[in-house]
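Just below is one structure, and these are the notes that go with it.
A short reminder: the numbers here are calculations on the coordinates, not readings from a lab. The shown structure was predicted, so the numbers you read here are calculated from the model rather than taken from an experiment. When we count neighbours, we look across all protein chains shown, and the Cβ atoms used for this are built from the backbone with ideal geometry, even at glycine.
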Amino acid sequence: MPITFTHPWALILLLALLPTVWLWRQGRGRVRRARTTFILLVRVLILALLALSVAGVQLVRAVDELAVVFLVDVSDSVSPPWKASALSFVEAALAEMGPHDRAGIVVFGSDALVDRPVSAARELDELFSIPATGHTDIEEAIRLGLALFPGATQKRLVLLSDGQENVGTAEMAAQLAAAGGVELDVVPLTPGAGAEVWVDALEVPPTLHQGESFSLVVKVHSTARTAATLRVVSNGKLVSDEVIQLHAGLNSYALPLVAGTPGFSTFRVQVTAEQDTFYQNNQLAAFSLVRGAPRVLIVARDAAESENLVAALTATGLQVEETTPARLSSDLTELGEYAALVLVNVPAVELGPRKMAALQTYVRDLGRGLVCIGGEESYGVGGYFRTPLEETLPVEMRIRDKARMPTLALVFVVDKSGSMGSGGTVGGPPKVELAKEAVIRSVELLGPGDKLGVVAFDDNAHWVVDLAPLADVTAVQERVGTIRAGGGTDIFAGLKAAANAILPADARVKHVVLLTDGGANPTGIPELVDEMRAADVTLSVVAVGQDYAPFLEPLAVRGGGRFHFVQDPASIPEIFAQETAIAQRAYIIEETFFPRQVASSPILAGIEAVPALYGYVGTSGKDAAQVVLVSAQGDPILAGWQYGLGRAVAWTSDARGRWAREWVTWEG
């Protein structure tokens, strides 16, 4: 809670403590030490409190809720039409209350009665309290209204009266209200009164970031059409001075401003109308807490991937920092220092389960923002399927239209030797269990027209799932769950079984994924891979741990696939999902199109046309997501949603310039 001083110069009085301490030190030999120490402490405390009192120490606390008490004059001097007008005024004001605002009603004449305590109720049918009406005691009404206010709210009294006070002293009560920081607005109920103008509300965000653009909203009521001057002062500086035309009723004006330096910013609005009766209700004040510019963390494997994005964000005044997936912390305390985090073409395997779970908590529970930028190794082809990252993002990794998928024949060749029964990390699950989970997860990416086979090998090859069209996903997953570790390592036997089945298979795309954690005799394996490659069968290799055979990496190159070295076996499921998506050859869509806007969004405010794109990663929008831009095929290009307390945004094209090259140089 910030501490301020109305007279900071008075803190110089604290210097009086120095001679007090000096005198104590000089005299401590003449009086007992305990007694003199006690006297010293009392004197120091009294002097410190005196100095702080003169300096006007204050604790400043932001209050978001507004409490309003309407003081309605129902005395005999107010005619029935004006009483009805007062009731209508209160009804309209209640209807316009903010979601956290509260209001109460006091009716008065000779005495004052509470008709409604301060509450969040919005409707008013009639006034039920009946005070004596022979006199008008505004002072008692104000005092009763002050007694109704709850704590920790902004307080405002609205007096609806003809002003014909004949009991009490309203001026004294008004001074009491002012001393308590309570605003007092007056709405005249006088047939002969002229036009009345008053400032009803001044709205600014409670918190802002330095350099953030925002709208200051002023609401002005007028009983007649009249010209007026609207002045807005921010931290003592005039920021707007313009002539406005008020119509009868509520007038609302929005003034665009930019948040200044960090600290409390005070805004004051004043309206000077040509036709007005009471000038006391023509100004209001509000304040915002301005924080430093938001910090944004860019996560990219290569600085070249994010340089365009970094330049664009820096130009907006944000504090932009960069890191790599390997250096990204999973500590929520460190992540929480950033208002938003941007992933730029980062595959899931380089984040790992722990960091992805941390990012999910960062958005959902800390209320921060996550932006995911696409590329050749993101979304489905980046292994996001069935990960915390997919749960957080507004898009699914699968393309729902399976008709767009080429038929695929996919065989997983899984090492089940004895070494696969151990964990890759201390206390971690056995590697064979992670391999089984990887296969089970990947099956969900396949369509009913795809063919799947699973070969497990030790000293020999064993078909766990024969290569066949995927008809019963559950049955396949149950069979995969029966794999147990044990035996030696014969990679050739596993690959030979896979080749014999996949070479004659009827499919447009044929792919084999080999997973092993150890060495083996390479005899015959390169030649077998050459035979597969000649028949358009590709091979990718996943090597787990440091003990893999050296020939495996060039084997993946020879097979036209990818080589994955896995230090942490927990990443195996993401790698298998990535391989499955890439093998389907439907997730990277490269074509020229102009994104079509299908929903409004503040991100595209003021933009009527966007440049062409040349590619993206195919995904599907989630049911609760707001898809803003779509491709020619209806796939999400830009989507966002509220996830827990935070927000996540997906951009499925890239940021480097391969697919979004015209966006990189676009000045829109």
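Evaluated at q = 0.11 Å⁻¹, the base-10 log of the normalised Debye intensity for segment 256-328, with identical point scatterers placed on the Cα atoms, takes the values -0.52. Using C-alpha pairs under 8 Å with a sequence gap of at least 6, the mean separation divided by the residue count of the chain gives a relative contact order of 9 percent. For segment 214-267, applying the loop criterion from DSSP together with a ceiling of 12 other beta carbons within 10 Å to the trypsin sites (Lys or Arg not before Pro) yields 225. Within the same chain, aspartates and glutamates fewer than 8 places from residue 83 are excluded, and of the rest, those with a Cα less than 16 Å from its Cα are 73, 91, 115, 125, 126, 162. Suppose we look only past 26 Å in the calculated P(r) of segment 350-476. What percent of the Cα-Cα pairs does that tail hold? In whole percent, the long-distance tail amounts to 37. Annotation: amide H of residue 284 within the under-5 Å range of 269, sequence separation 5 or more or interchain, hydrogens built in the peptide plane. In this simple spin-label model, placing a label point 7 Å from the Cα along the Cα-to-Cβ direction at both residue 289 and residue 603 gives a separation of 3.0 nm. Distance from the alpha carbon centroid of segment 631-647 to that of segment 417-490 works out to 34 angstrom. In segment 257-331, Cα pairs under 8 Å separated by at least six residues give a relative contact order of 29 percent.
Taking 1 over the mean of 1/r across every pair of different Cα atoms in segment 66-290, what Kirkwood radius in Å do you get? About 18.3 Å, per the Kirkwood formula over Cα pairs. For segment 66-290, DSSP calls about 65 percent of its internal beta bridges antiparallel.
Across segment 492-588, the fraction of Cα-Cα pairs farther apart than 19 Å, rounded to a whole number, is 39%.
For segment 509-667, the antiparallel share of DSSP beta bridges with both residues in that region comes to about 55%. Relative to the compact-globule estimate of 2.2 N^0.38 Å, the Cα radius of gyration of the chain comes out at 1.40. Positive contributions from Lys and Arg (+1) and negative ones from Asp and Glu (-1), summed over other residues with Cβ under 12 Å from the Cβ of residue 201, come out at -4.
With the simple model of a label 7 Å out from the Cα in the direction of the Cβ, residue 243 to residue 642 spans 4.4 nm. Shape summary of segment 406-585, radius of gyration then Dmax from alpha carbon positions: 14.6, 44 Å. Full extension of the chain between residue 275 and residue 179 gives 31.6 nm of extra length, using 0.36 nm per residue less the Cα-Cα distance. With K and R counted +1 and D and E -1, the other residues having a Cβ less than 11 Å from that of residue 538 yield a net charge of +3.
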